[in-house]
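What follows is a short report on a single structure.
The values are calculated or read from the model by the stated rules, or taken from the named source; none is laboratory data. Quantities reported herein were computed from a predicted structural model and do not represent experimental measurements. Quick reminder, even Gly has a Cβ in these numbers, built from the backbone with ideal geometry, and neighbours come from all protein chains shown.
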Amino acid sequence: MEELYLVDAYHTDPDDQTAPTSVFLFGHGSGGESVCAEIQGVRTSTLLTWPFPHTGDIVAQVQSKFADVFDDDENDDAGDVRCTIETCREMNGFEPVEDGTSRTRRYMRVSSIRRDVLRRIRGACSYGRDRLLNIVERVDGCGGSGILEPAEPDMDVVQEFLHTYDVRTGQWIRCDLSRVPSIKMSTCRREARAESIGKSDDPSRLPPPIPVMSFDIETGFADIDARKTQYPQMMDPNSAVTYIGVTQRDGRNPDKKVVLALSPSPERDRVLESDAACPVRAYRTEGDLLNGFALLIAEWDPSFIGGYNVWGFDWLWLGIRHDTHDLFRRLAGEHEVVARWKRARERTRAAGVLGGLLPLRRRDDEKTRTVVVPRDIPGMRPGRQTIASVRQGLRQIQEYGGGKREGNGQVVGWEDDILQRYRTAEDVLAAWRHFRGSTAPDSFPHLSRLSNTKCRMSAQKTESSAHGQSFQYRFNMPGRVAFDLYKYVKESPMKMRSYKLKDVGAALGIEQNKIDLEYETMFQYHAGNDPERALEVCRYCLRDTTVPLDIMEKMNMVLGTMSLATLTWLPARVLLCRGQQLRCLTVLLHLARDRGMVFNTRSDIPRLGSYVGATVQEPCCGYTDDPIWYLDFASLYPSIMQSHNFDFSSWVPPSRRRRATALAEESKLQIMEVEGSDGLRHMFVQALPGQPNEGLLPQLLEMYLTARAEKKRAMKRVKKEITDATDDAEKARLGMQLQVLDAEQQGLKICANSAYGFTGVNPDKAMLANPAIADSVTAMGRKHIEDTKQAVLAHPVHGSKARLVYGDTDSVLFAVRFRSLVEAWESGKEVEGWLNKDVLPGMGRCLRMELEEVAWGYVLLAKKMYFGRMYPSGPQGHAHIEKKGIQLARTDQTPFLLKVYQAMVDVIFPEDDTAPPFPRDVVAARISQSLKSSFAPLTDQNAVLEDHYAMSDFVYSKQLRADYKNNNLPHVQMVEDLKRRIAAGTVTNVTVPRPGDKCEYVIVNGAGNISTRTRHPSIVKLKDLDMQYYIKSIRTPLAGVLQWFMTEQQIGEQFEACTAVAVRRAIGVRSIRDYFSAPAPQKKIKA
């Protein structure tokens, strides 16, 4: 048995349906070499209800009958069907019985090493119930009424395998690697058919070096003078993938780097391959380039592969170019090409017509509601048709038009979409002639570690209020973890004004950041005759692969992903492309099996349109120079779920509440009723840890929070060991151990925080949800905040000195009448201890309050909008300015506003952390002076704006969507203006933003509304900007702060003079004072 660090586990149905189930394990050995191990004969199971008596003889007879009927292999033991009886209780919904526990029932678990046998049994349960009953009732002792039906959804093969063998990805396992297969089955350095696996003897062992590949593609034109569009198009024969930069890093060896370049001549090859710092491999055709990329992946064999925004651009381009090559090489002649093109256009038109007939939302009465179908829809009868029929017709058109990927070489499968993009028959014939003459990229689909597996692309639409709408195009590559760093960064806690690669790199302090090179310049360099210019593009492309790797190291992405995969029982390959629901559901399924529960679904789950959220106390807005206690509940929502046993299994459905109430009156059961939203009442069974009725979520949270506390204690020990260590190798090892511990505690935090949100998803869209749990948690949170507020105000010593300032979700803020920060901290700690000892235990056993920090100088503007000078580590510690909800915390404002706002905030608080806050009148004077300094370049008509501000300070940024109901929006009109200027030839070297990109624009002087006066920053000068508009735009945000220090008249005086000068600047009029206070400009005399 050897040690194997497990990175991925994968299952695919074999071509031979009677073959035993296999799971492929991918990872790294002790020496860092890649390993592929196939586990054959993996046993999977399905759970059926069992309403009959239970004896060993009966089970044996049923097992024999199932094997005879459902296992059609000639070998009697081929399926190895086994039946066992299990006694379980339902996971979703408490069913009380006389002894105060939830009712248990008998179930039959049928297992086999062949998936097809289990499919037949489940199919017989769902669609051939009478046949299955006849089989069972022929067994002696199984007479009587009852039905056999699936009791829970089947687990995924890989998940069931990980659960059965108690191993997880991201951990070391023990595996028998002695049996080497006769035929190579993967690209891994070592292969084996393992017969046994198990847990490692040293689970805390550090992971081996994991090779991570980052790539980036660049596109261009073969003949730039013949281009019909500004940018290369995926189906255009004149466009191509011109460069693919690749860098691989494993943390132990030097980086591997190479650029795959499309080169038209040997002369260019020699120049491109002359730079040792930028290795280049040249190819003559695009097909060779795609094949070379696939072969490079097999050669370097990375475990992680991705880049920055590769799911939004790179993989889609590569997939579409491969499919375009493949499609046109399969069309035999011009007649077939034109006929196929016409059918594609007709089907696309028909699909558009049918799509327009369907309602926006699905309805329950689709089988009865009708619409009128036109005559010219292929495959459908005209006239009145039901909504369900129209939907089915649309599905058939789309499936046929997409091409049958299994029967050809397609990896994306958008044949109709590719063909209908050509406007004329001449265009499609020109494309056919071009692609048929190129090398076939037959090797490209083989990107995974399995040798005979072709990768397919999947498209997923994501939409959220935080991140907008986007499409993700990715390949499923067994054995490799595909990632998109752009998606990972956007979903991380790091909030940025711009998520461009260069901006993210700058924010994280990457030394060698992205190189600036405009797209148009890149197109010209590639299409030109100067090889040195083409080499610049290679360097640019290669840098775009190293910066993502540097960012990944800063964010500890690889170790964090593997740690989260370990916690959630999911392969990392699945984890990075799926959401929170799957993570929580998988963990609950594994825990339910261990606890003897059945994952059942219910139809009586409450449907809440929306439930009342957390408490937000009415704020006492204004400036406070008294110290403020910042009392915060530690993990409030998880603690509530633990304290009150809020769980799927402890929730009492409405139909069972009468029985539960009766048992509670007899003291056989403890229940708790919570009044939620809209007057609804929810009932939960109460239990302490270790008792039979303890829920799964409280147990899970206890495991997570306890483990996280242990990891954080271990981190402190390791930090001390690093300080004491003298050997560099030992310091490096301890540093790696610290990174692993940090990744593990972050993963535990993510899992614990997602438990509450998982329960509140709409049951119609969720895998498993119960809004009654989420509604009860928020209700109890509101109650605990209110009770805590009353308790603090009633404190026997300090209650009379405190007044409530604000309360939000899990925190309460009290201003206290102490003139010393030391007194405020000492009294706050005293109140914290009193709450944890005498007050909170009566609310919930797991609730705990922390004096998180003390504010000394605080400005509260509105709900969830404040900033203040915070002391998080005691009165002797350093202070920091904490901001929430104000302009400085937002990413959609101009840097001009942020600079003025930041300068104003900086003068409100003393620079010395030990100094008390300024009085209100002193703050007002300091703010007034700060605004005068900020506005000085604008109020002084002789000042040169460029000496004080840059064009970037006045740029607005907005994400561009694909479509709008109203196109009269500033950033949309800027894009249209830019397109017109490029078409007229007045603007060059500027990139038109595409849907999903951030649009940057400025407001210029002129008549009309704002939308008609938006321009791209690169085509105007600073003097052209409408400074009057910019000054007016910042007045309202600044007034939100100024109102607490100045009167309305004083605020107006701050802006009126500046606005007047801005108007005179715009129209070129000077003030009379300027003729006396400044010398007239001197005329230049020619020599």
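Going by what's in this entry, would D442 be described as among the acidic types (D, E) and either more than 27 Å from the chain's Cα centre (by Cα) or at positive phi (or both)? So D442 passes the test. When the strands (runs of 3 or more DSSP E) confined to segment 140-255 are screened for residues that are among the β-branched types (V, I, T), those reaching at least 2 such residues are found at 212-221, 239-249. Test each condition in (1) modelled with pLDDT of 90 or more; (2) of a type outside the set (S, T, Y); (3) closer than 24 Å to N291 by Cβ; (4) over 29 Å from the mean Cα position of the chain (by Cα) for P254 and report the one that comes out false. Answer for P254: the failing condition is (3).
Residue-by-condition table, conditions (1) over 30 Å from A482 (Cα atoms); (2) part of a helix (DSSP H, G or I); (3) over 32 Å from the mean Cα position of the chain (by Cα):
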residue	(1), (2), (3)
W311	no, yes, no
A339	yes, yes, yes
I377	yes, no, yes
R395	no, yes, no
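Taking E830 and the conditions (1) modelled with pLDDT of 90 or more; (2) among the acidic types (D, E); (3) within 17 Å of V805 (Cα to Cα), which numbered condition does it fall short on, given that it satisfies the others? Of (1) modelled with pLDDT of 90 or more; (2) among the acidic types (D, E); (3) within 17 Å of V805 (Cα to Cα), only one is false for E830: (3).
Among the criteria (1) closer than 22 Å to V271 by Cα; (2) crowded, with 20+ Cβ neighbours inside 10 Å, the one I551 does not fulfil is (1).
Scanning segment 998-1020 for residues that are acidic (D, E) and either crowded, with 19+ Cβ neighbours inside 10 Å or closer than 20 Å to F523 by Cα (or both) turns up nothing. Look through segment 175-223, keep the residues that are touching an Asp or Glu at 6+ places or on another chain (Cβ under 6 Å) and among the acidic types (D, E), and return whichever of them is nearest to R252 (Cα to Cα). Ranking the candidates gives D216 first. Might you let me know whether segment 565-579 holds any residue that is without any contact (Cβ under 8 Å) to a residue 60 or more places away in the chain, of a type outside the set (D, E, K, R) and surrounded by fewer than 18 Cβ atoms within 10 Å (Cβ to Cβ)? Yes; the residues of segment 565-579 include at least one that is without any contact (Cβ under 8 Å) to a residue 60 or more places away in the chain, of a type outside the set (D, E, K, R) and surrounded by fewer than 18 Cβ atoms within 10 Å (Cβ to Cβ). For first residues located in segment 41-64 and within 15 Å of R115 (Cβ to Cβ), partners that are of a type in the set (G, A, S) and lie 6+ apart or on another chain with Cβ distances below 6 Å form the pairs R43/S111; S45/S111.
Residues in segment 491-542 that are at pLDDT 85 or above and hydroxyl-bearing (S, T, Y): T521, Y525, Y540.
A936 - would you say it is under 36 Å from the mean Cα position of the chain (by Cα) and not assigned by TED's automatic domain parsing to the domain that holds E518? When the stated conditions are applied, A936 does not pass them. Of all the listed residues (R981, R1035), the sole one being modelled with pLDDT under 90, charged (D, E, K, R) and either closer than 20 Å to L931 by Cβ or not in a helix (DSSP H, G or I) (or both) is R1035. Of the residues making up segment 1038-1050, those that are outside any helix (DSSP H, G or I) and of a type in the set (A, V, I, L, M, F, W, C) number 3. Under the condition of being more than 14 Å from P207 (Cα to Cα), crowded, with 23+ Cβ neighbours inside 10 Å and not β-branched (V, I, T), the residues counted in segment 27-41 number 2. Among the numbered conditions (1) under 25 Å from the mean Cα position of the chain (by Cα); (2) modelled with pLDDT of 90 or more, the only one that S776 does not meet is (1).
Checking each residue in segment 445-461 for being within 18 Å of L318 (Cβ to Cβ) and either small (G, A, S) or more than 32 Å from the chain's Cα centre (by Cα) (or both) picks out S448, S458, A459. Of all residues in segment 1062-1079, one or more are assigned to a loop (DSSP other than H, G, I, E, B) and either at pLDDT 80 or above or of a type in the set (S, T, Y) (or both).
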